[in-house]
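Notes to accompany the following structure.
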Amino acid sequence: EMDRKTEVGLTLSNMLAKGQVPPLAITLELIKDVVNLTSSDSVVIENCPLYIDQIESIATEFRIEKVCYIDGDEQAMSSWRSKFLAKTPEDSAQVKVWGDRKKRLSDIVTHFSRLGKLDRLTVSETPKEETLTALLNQATMPQFILVTGLSTVLTPNLAELIAASLNVGAPPTLPATETPGEATAKLKKHAESCGYPILVLDRAVNSPEAATEFLSSFGTPQLIVNVNAAAEFVEEEFKVAHEDMDEEVVAATLQKERTAYEATVQAFKESCASAVMTIELSKVKNYAEEPVKAAEEMCAMVKAKLVPKAYVVVAPSGDVDFGSLVASSVCTTATASGGAKPAKFTVVDCAELFQAGKHSPHLEDALHKASFTADAPDCLSFDLWTKLFSEAFASAANPMGPFLITNFPSASALSSGPSIRDQFGIIESLAILGGILHVRTTDEVFAKCCSGRPADLEQRKLLEAAVQDQISKQYDKNKICDCLLESVSEGPKGAVKAAAALLEFMQKAD
């Protein structure tokens, strides 16, 4: 723009000549112009935002789908710092600039980590193009739902219904004649280009070798739906589709397919049994006479299984939201099962959930009407609570979670709002409750970390005692992760301790 001496370019030249920093609004307008000129559906913006308060402006103009963060380990950070300070190693001003940049970046990383949108690319040195490409491909790989079975009618129908219900596009078609390696390569290419968080595959993994290759390349699927059909039904269905085939050829073909199918399912059960969901077709009503209805019934079973997973963080709050600190620590330090890559969590803050201005028009209207009679923002009906949480889960970067729910139960649980038991019941009606982190503190720790006001301390004691009493009655001990902070010296670092306790609890549960 400056070279072309456009109006915007001249404005930028004048600002830079005066030592002024161009406002973000001009940058965003230039980016929009580039998008319009290229007719692009998406755009990759480098080194943006530079400040956390710029995120809101960017989100107003663009839908932020993913955020990639090149995270250097201690060795890499030391190397980068040395290069940054190479010319003036003793310059305190430059040292401060480095520290300020790290702090600004940390705040931005935490923000997007809490939204479940951040892909962390961990490196020990400045990455080369090949390394960076591999890290990006791994980080942006979607989750998979595999549908397998010998029925050539019901199985594909079920896969299509599942994909449609998740709004993730039709299941891709992969030629059965390809080797596992070739099929995996094509699947990777498709996954990289589709942009969906979840992909549904229809009978794409059909041998033990293919199952091993899939698990090695993509990890454990979100779900493996095994449609187990009786041999007689499969044979009758096959004969209808191959009327001219010889009986002996039919028998040999079906036997070969069943052997491969059973071996494939067994391979998945040995590697990830918890992900396998078997549907016995014989228990589905009128599956032979009404295949469409049968597929719909099976899809309902699958959707009941595909519910989000949520963890509740019960922690003290005052001038400092300690539960939010714990959630941020979990989001920025968690790794996926096996440590292959960072895990992603999405934080649902109940203090923000009941605020107007961030919901669908229908819910905004409902919140506005409820505000006339509600004693507090969270003193809402059971139905409205449920709808707000449903929207929060559905609109997240990954609707399947896992979610961290903070500022829960809300303060109204002790007055005119839904009770503690009812609030936990709402969560369980929408998600699988993975566990409850109950952070307790001594009075001294609360005064140092949260609030020194006697009224806040008294409110904390009442809520803590009520929560402890309710969850001990309502849940088994293996659902509760108890963390007591006793040392004043821990201060805000207690949030890191509580986060570590929750992550260890999750690892043991898995």
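With 5 Å bins from zero, work out the P(r) of segment 20-171 over every alpha carbon pair and list the percent per bin.
1, 7, 12, 14, 15, 15, 13, 9, 5, 4, 3, 2, 1, 1, 0
With a probe of 1.4 Å, find how much accessible area the chain has per residue, and write the answer as a whole number in Å².
Working: 28180 Å² over 510 residues.
Heavy-atom SASA per residue in the chain reads 55 Å².
Please state the Cα pair-distance histogram of segment 221-296 with 10 angstrom bins from zero: what percent is in each bin?
Each 10 Å bin holds this share of Cα pairs: 16, 40, 35, 9, 0.
To the nearest 20 debye, what charge dipole does segment 385-510 have about its Cα centre, counting +1 at the Cβ of each Lys and Arg and -1 at the Cβ of each Asp and Glu? Spell out each step's value before the answer.
Working: 13 positive and 15 negative charges, 12 e Å.
Using Cβ point charges on Lys, Arg, Asp and Glu, segment 385-510 gives about 60 debye.
Taking all protein chains together and a probe of 1.4 Å, list D319, D33 from the most accessible to the least accessible.
D319, D33
Might you work out the accessible area of W98 for me, using a 1.4 Å probe with all protein chains in place, and round it to the nearest 10 Å²?
The value for W98 is about 40 Å².
Using only alpha carbons, build the gyration tensor for segment 335-489 and give me the equivalent ellipsoid semi-axes, biggest first, whole Å. Spell out each step's value before the answer.
Values: eigenvalues 134, 105, 47 Å².
They are 26, 23, 15 Å, listed from largest to smallest.
Heavy atoms of the protein only, probe of 1.4 Å, neighbouring chains included. What is the accessible area of F62 in Å², nearest 10?
40
Could you work out the local net charge near V292, counting Lys and Arg as +1, Asp and Glu as -1, over the other residues with Cβ closer than 13 Å to its Cβ? Intermediate values should be presented prior to the final figure.
Details: positive: K285, K293; negative: E160, E289, E290, E296, E297.
Charge balance in the 13 Å sphere: -3.
On the first, second and third principal axes, largest extent first, how far apart are the outermost C-alpha atoms of segment 156-253 in Å?
On the principal axes, segment 156-253 reaches 44, 30, 21 Å in Cα extent.
Within segment 117-183, list the GluC sites (Glu not before Pro) lying in a DSSP loop whose Cβ has at most 16 other Cβ atoms in a 10 Å radius.
Numbers: sites: E125, E129, E130, E160, E178, E182; in loops: E125, E178.
Answer by residue number: E125, E178.
What value, in deg cm²/dmol to 500, does the helix sum -39500 (n - 2.57) over DSSP H runs of n ≥ 4 give at 222 nm once divided by the residues of the chain? Mind dumping the intermediate values first?
Numbers: 20 runs with 263 residues, N = 510.
Taking each H run of at least 4 residues, the total per residue is -16500 deg cm²/dmol.
Of all the Cα-Cα pairs you can form in segment 5-58, what percent are over 14 Å apart? Could the numbers behind the result be given before it?
On the way: 883 of 1431 pairs.
The share of Cα pairs beyond 14 Å in segment 5-58 comes to 62 percent.
Heavy atoms of the protein only, probe of 1.4 Å, neighbouring chains included. What is the accessible area of S419 in Å², nearest 10?
Roll a 1.4 Å probe over it and S419 shows about 40 Å².
With the cut-off at 1.5 for a/c, could you classify the chain from its C-alpha gyration tensor as rounded, prolate or oblate?
Values: a/c = 1.89, a/b = 1.32, b/c = 1.44.
Here the chain falls in the oblate category.
Rounded if a/c is under 1.5, else prolate if a/b is larger than b/c, else oblate: which is segment 331-426, with a ≥ b ≥ c the root eigenvalues of its Cα gyration tensor? Each step should come with its number before you reach the end.
Values: a/c = 2.80, a/b = 1.83, b/c = 1.53.
It comes out prolate by the Cα gyration axes.
According to the square roots a ≥ b ≥ c of the eigenvalues of the Cα gyration tensor, what is the shape class of segment 258-359, taking rounded for a/c under 1.5, prolate for a/b larger than b/c otherwise, and oblate for the remainder?
Values: a/c = 4.35, a/b = 1.85, b/c = 2.35.
Verdict is oblate for segment 258-359.
Convex hull over the alpha-carbon atoms of segment 441-510: what's its volume per residue in Å³? Walk me through the numbers before you get to the answer.
Details: hull volume 5.4 nm³, N = 70.
With only Cα atoms used, segment 441-510 gives 77 Å³ per residue.
Take the residue pairs K128/K344; K96/K128; K32/K66; K303/K387; K66/K344 and return only those whose Cα atoms are more than 20 Å apart.
Details: K128/K344 25 Å; K96/K128 29 Å; K32/K66 18 Å; K303/K387 18 Å; K66/K344 12 Å.
Long pairs (Cα-Cα over 20 Å): K128/K344; K96/K128.
Using DSSP to define loop residues, name the chymotrypsin sites (Phe, Trp or Tyr not before Pro) in segment 443-510 whose beta-carbon has at most 15 other beta-carbon atoms within 10 Å. Working shown, then result.
Working: sites: F446, Y475, F505; in loops: Y475.
Those that pass, being in a loop and sparsely packed, are Y475.
Straight-line reach only, C-alpha to C-alpha below 16 angstrom: list the aspartates and glutamates that K497 could link to, leaving out same-chain residues fewer than 8 apart.
D321, D482, E486
If the reach is capped at under 19 angstrom between alpha carbons, list the lysines near K103, excluding any in the same chain fewer than eight residues apart.
Straight-distance partners of K103: K83, K493.
Tell me, what HN-Hα J-couplings in whole Hz come from the Karplus equation 6.51 cos²θ - 1.76 cosθ + 1.60 at θ = phi - 60° for each residue of segment 268-275, using x for Gly and Pro?
Values per residue, Gly and Pro as x: 5, 5, 6, 8, 8, 4, 5, 8 Hz.
Loop-only trypsin sites (Lys or Arg not before Pro) in segment 242-344, please: DSSP not H, G, I, E or B, and at most 16 other Cβ atoms within 10 Å.
On the way: sites: K256, R258, K269, K283, K285, K293, K303, K305, K309, K344; in loops: K285, K344.
Answer by residue number: K285.
Considering the dipole of segment 10-75 built from charges on the beta carbon (Lys and Arg +1, Asp and Glu -1) around the Cα centre, which of I31, P49, A59 is farthest to its positive end?
Towards the positive end, the residue furthest out is I31.
If you line up the Cα atoms of segment 174-321 on their principal axes, what length do they span on each, largest first, in Å?
Cα spread of segment 174-321 along its principal axes, largest to smallest: 79, 38, 29 Å.
Which order do L380, L16 take when ranked by solvent-accessible area (1.4 Å probe, heavy atoms of all protein chains), largest first? All intermediate terms of the calculation are to be shown ahead of the outcome.
On the way: L380 20, L16 90 Å².
Listed by decreasing accessible area, they come as L16, L380.
Can you compute the charge dipole magnitude of the chain about its Cα centre, using +1 on each Lys and Arg Cβ and -1 on each Asp and Glu Cβ, nothing else charged? Give it in debye, rounded to the nearest 20.
Values: 49 positive and 70 negative charges, 351 e Å.
In debye, rounded to 20, the chain gives about 1680.
Among residues other than R104 whose Cβ falls under 13 Å from its Cβ, what is the net charge (Lys/Arg +1, Asp/Glu -1)? Mind dumping the intermediate values first?
Working: positive: K96, R101, K102, K103; negative: D53, D100, D107.
The answer is +1.
Which three lengths, in whole Å and largest first, does segment 100-225 cover when its Cα atoms are put on their principal axes?
Principal axes ranked by extent give 61, 30, 20 Å for the Cα atoms.
The values are calculated or read from the model by the stated rules, or taken from the named source; none is laboratory data. Values in this document were obtained by computation on a predicted structure and should not be read as measured data. Positions of Cβ are backbone-derived with ideal geometry, glycine not excepted, and every protein chain shown enters the neighbour counts. Note: accessible area is taken over every heavy atom of the protein model, side chains too, but ligands, DNA and RNA are not part of it. Shrake-Rupley method; radii C 1.70, N 1.55, O 1.52, S 1.80 Å.
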